[in-house]
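Read through the structure below, which is laid out as structure tokens, and then see the notes.
The values are calculated or read from the model by the stated rules, or taken from the named source; none is laboratory data. What you are looking at is a predicted structure, and each value in this text was computed from that prediction instead of being measured. All Cβ positions, glycine included, derive from the backbone under ideal geometry; neighbour counts span all protein chains shown.
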Amino acid sequence: MAAGSRMLFSPRGALRFWQRNAFIFRRIFPESIAVNFLEPVIYLLAMGLGLGAYLSTIGGLPYLVFVATGMVSTAAMFGATFECTYNAYVQMYYEKAYDGVITTPLNVEDVVVGEILWGATRSVLYGTIFLVVVWIFGVVRSPLALLIPALFLVSGLMFSVIAMTFTAVNPSIDYFTFYFALFITPMFMFSGVFFPLDALPPWVRTAAWLTPLSHVVSLSRGLALGDLSARHAWDLVWMLVVTGVLFPLPVMLMRRRLVK
Amino acid sequence: MMASVSGTSVVAAASLTKRYSAVTAVDGITFQVQRGECFGFLGPNGAGKTTTMKMTYCVLPPTSGSLHVLDMDVRTHARTIKARLGVVTQDNTLDSALTVRENLVLFARYFDMPWRIARRRAETLLEFVSLTDRGNDRVEHLSGGMRRRLMVARALLPEPDLLILDEPTTGLDPQARHMVWEKLRQLKRTGVTQILTTHYMEEAAALCDRIVIMDQARIVAEGPPAELVRTHVGREVVELRGFEALQDGPQVMKAAKAAAAGLAEAHEVHGDLLLLYTRDGEALLRRLREQGVTVESATLRHATLEDVFLKMTGRMLRD
């Protein structure tokens, strides 16, 4: 009972920490939003006009449409990932913000869950901004695209949980380079954003299926184009299961790190 | 089953222990903090003061023993206890990108204080720690002393029943330190119970009604500062220095000790320094002169908490 009560997070406590992050984010909101508008525009211009000039269509789609409908997912992934790696680490290690917060009625579990929820929020925010830009470029073809922010909530939770797990055991801020070089970037390249996975050898396809991003890309493209099939349901199940199974991990590891 | 604490006790620890695989950070300490008093933990680095504080403010579970804060068990009521505590951690934990005011208002939200009340309370506390005109400055632009005062103000947001301060003035200049002391004394007058750790003797002597001296995870002495001085080192100290410059230094030191017999309750030797703890320093100095003990310097001063501290914890460097 005693140990149990310590290990549980309180929704109210997690919400308070989420509010803290939102409060701090408010200060950089205009700049951050402007940057997040700019980034997809640059990508789409390069991909659509540059690369697209050499590639006519992929799977019957103009290259710009193919890339843009996948890339919204990576924007959402980076939103959650930066929040729960660098930002969280600076808060935890340099600012010692967690050490201050856990002297209040909030405990470590509330802080970790609040941080993950905030990561998911940024995922929705950044992904949605990208989606709006993509829509302006005329790439969105179905009203089902309105469901994409909800998809980013789920994928944001998933990427936040994974990133927080790494952050909880990361010995130094320098090691995030490995997280990005060995996990995020390969996933970025091999999750069906830039080329379809169907054409690849079966083992690559299997490897790609194991990456979290491939399922988000598959769903965001399906929703943006209004082209859904049974396989998309499995993508969603995959994400929910992975998120649910991993969820206790960062909470546990962070407690071990902060409560010595 | 541990009996609940008496009504006046704010903190009650019995055989409180914190063990890690290799080390015991706190080794079966027992103490009680009474309502309205200022209780100090004095000790060298690594003595177990901060670990004791962390257990008291419920972020570190004890390995064994019992610890009740505000009549509640820290193992089962951490959240409820923490809602009634004010904590100044050893390191500042302020949001440096936010303003002074924002730091306070945001922190109040963790205690579920409505925004409107949080803002009003922040103003009162800014005034209390004399930071009103810095309210809109970012914390990163504040001096060390101002940050510490802001930490104190922040700890007072929930109108705590117990204020815990872990080295409140370490690293501050004398002006800033005295300012923090003044605020803590004001709080004490309003009846706020305080626990503080320090390795500054003047701080413990200036603020605390009672102190414990911790060394190597245990409590080695306990009592009001003046009483500790009286019982452990007496009233005065005669310091004799300069034995090494003499040809017959060791003999002179032996003679000095012999001369002091009966007048000094205790003595300590630290290299070239002989400390004689006594109730009558004048008489002792006279006796030394009569016996022909002459060294480079012989000084008489009042015994202080520092003498107690060094006597109890030794003069070895701790890190």
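Could you say which residue among A:Ile24, A:Ile102, A:Ile28, A:Ile58 is more than 25 Å from the chain's Cα centre (by Cα), of a type in the set (A, V, I, L, M) and facing another protein chain (nearest Cβ under 10 Å)?
A:Ile102
Report those helices (runs of 4 or more DSSP H) wholly inside segment A:1-107 carrying at least 3 residues which are over 28 Å from B:Thr56 (Cβ atoms).
Where helices (runs of 4 or more DSSP H) fall fully within segment A:1-107 and carry at least 3 residues being over 28 Å from B:Thr56 (Cβ atoms), they are A:11-44, A:63-82.
Return yes when A:Leu38 is touching a Leu at 6+ places or on another chain (Cβ under 9 Å) and closer than 25 Å to A:Gly127 by Cα and no when it is not. Steps first, answer last, please.
Numbers: touching a Leu at 6+ places or on another chain (Cβ under 9 Å): no; closer than 25 Å to A:Gly127 by Cα: yes.
When the stated conditions are applied, A:Leu38 does not pass them.
If I ask for residues that are within 17 Å of A:Leu45 (Cα to Cα), of a type outside the set (A, V, I, L, M, F, W, C) and in contact with a Gly (Cβ under 8 Å, 6 or more places away or on another chain), which ones from segment A:68-83 would you list?
Listed by number, the list holds a single entry, A:Gly70.
Residue-by-condition table, conditions (1) part of a helix (DSSP H, G or I); (2) more than 17 Å from the chain's Cα centre (by Cα); (3) surrounded by 17 or more Cβ atoms within 10 Å (Cβ to Cβ):
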residue	(1), (2), (3)
B:Arg148	yes, no, yes
B:Ala153	yes, yes, yes
B:Glu159	no, yes, no
B:Pro168	no, no, yes
B:Glu182	yes, no, no
B:Ile195	no, no, yes
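Inspect segment A:104-127 for any residue being β-branched (Val, Ile, Thr) and over 22 Å from A:Gly13 (Cα atoms) and give the result as yes or no. Don't jump to the end; show me each part of the working.
Going through segment A:104-127, the residues β-branched (Val, Ile, Thr) turn out to be A:104, A:108, A:111-113, A:116, A:121, A:124.
Retained after the next criterion (residues that are over 22 Å from A:Gly13 (Cα atoms)): none.
No, the conditions are met nowhere in segment A:104-127.
Just to verify a result, which residue in segment B:126-136, among those that are crowded, with 19+ Cβ neighbours inside 10 Å and either assigned to a loop (DSSP other than H, G, I, E, B) or within 13 Å of chain A (Cβ to nearest Cβ) (or both), is nearest to the chain's Cα centre (by Cα)?
B:Val129
Within segment B:40-87, restricting attention to residues that are part of a strand (DSSP E or B) and under 13 Å from the mean Cα position of the chain (by Cα), which residue is nearest to the other protein chains (Cβ to nearest Cβ)? I'd like the intermediate steps shown before the answer.
Residues of segment B:40-87 that are part of a strand (DSSP E or B), as a first pass: B:40-42, B:64-69, B:72-73, B:85-87.
Restricting the remaining residues to those that are under 13 Å from the mean Cα position of the chain (by Cα) gives B:40-42.
Numbers: B:Gly40: 20, B:Phe41: 17, B:Leu42: 22 Å.
The selected residue is B:Phe41.
Please identify the pairs in which a residue from segment B:275-297 that is on the phi < 0 side of the Ramachandran plot has its Cβ atom under 7 Å from the Cβ atom of a residue that is crowded, with 20+ Cβ neighbours inside 10 Å and among the aromatic types (Phe, Trp, Tyr), counting only partners at least 6 apart or on another chain.
B:Val295/B:Phe243
Per-residue answers, yes or no, for (1) more than 16 Å from the chain's Cα centre (by Cα); (2) at pLDDT 95 or above; (3) on the phi > 0 side of the Ramachandran plot:
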| residue | (1), (2), (3) |
| --- | --- |
| A:Gly52 | yes, no, no |
| A:Gly70 | no, no, no |
| A:Phe78 | no, no, no |
| A:Lys96 | yes, no, yes |
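Out of segment B:244-274, which residues are in contact (Cβ under 8 Å) with a residue 40 or more places away in the chain and farther than 18 Å from B:Gly314 by Cα?
B:Ala245, B:Leu246, B:Val252 - these are the residues of segment B:244-274 that are in contact (Cβ under 8 Å) with a residue 40 or more places away in the chain and farther than 18 Å from B:Gly314 by Cα.
Could you tell me whether segment B:256-266 includes any residue that is over 26 Å from the mean Cα position of the chain (by Cα) and closer than 27 Å to B:Gln216 by Cα?
Yes, the conditions are met somewhere in segment B:256-266.
Among the residues that make up segment B:282-301, is at least one of them modelled with pLDDT of 90 or more, under 30 Å from B:Asp209 (Cβ atoms) and outside any loop (DSSP other than H, G, I, E, B)?
There is at least one residue in segment B:282-301 that is modelled with pLDDT of 90 or more, under 30 Å from B:Asp209 (Cβ atoms) and outside any loop (DSSP other than H, G, I, E, B).
What is the residue count in segment B:97-125 for residues that are basic (Lys, Arg), buried (at least 17 other Cβ atoms within 10 Å of the Cβ) and over 18 Å from A:Ile102 (Cβ atoms)? Explain how you work it out, then say what you get.
Our first condition is that a residue be basic (Lys, Arg); within segment B:97-125, this holds for B:101, B:109, B:116, B:119-121.
From what is left, the residues that are buried (at least 17 other Cβ atoms within 10 Å of the Cβ) are B:101, B:109, B:121.
Next, only the ones that are over 18 Å from A:Ile102 (Cβ atoms) stay: B:101, B:121.
Total satisfying the criteria: 2.
Is it the case that some residue within segment A:137-147 is small (Gly, Ala, Ser), surrounded by fewer than 24 Cβ atoms within 10 Å (Cβ to Cβ) and within 14 Å of another protein chain (Cβ to nearest Cβ)?
Of all residues in segment A:137-147, those small (Gly, Ala, Ser) come to A:138, A:142, A:145.
From what's left, surrounded by fewer than 24 Cβ atoms within 10 Å (Cβ to Cβ): A:138, A:142, A:145.
Those still in the list that are within 14 Å of another protein chain (Cβ to nearest Cβ) too: none.
Within segment A:137-147, none of the residues are small (Gly, Ala, Ser), surrounded by fewer than 24 Cβ atoms within 10 Å (Cβ to Cβ) and within 14 Å of another protein chain (Cβ to nearest Cβ).
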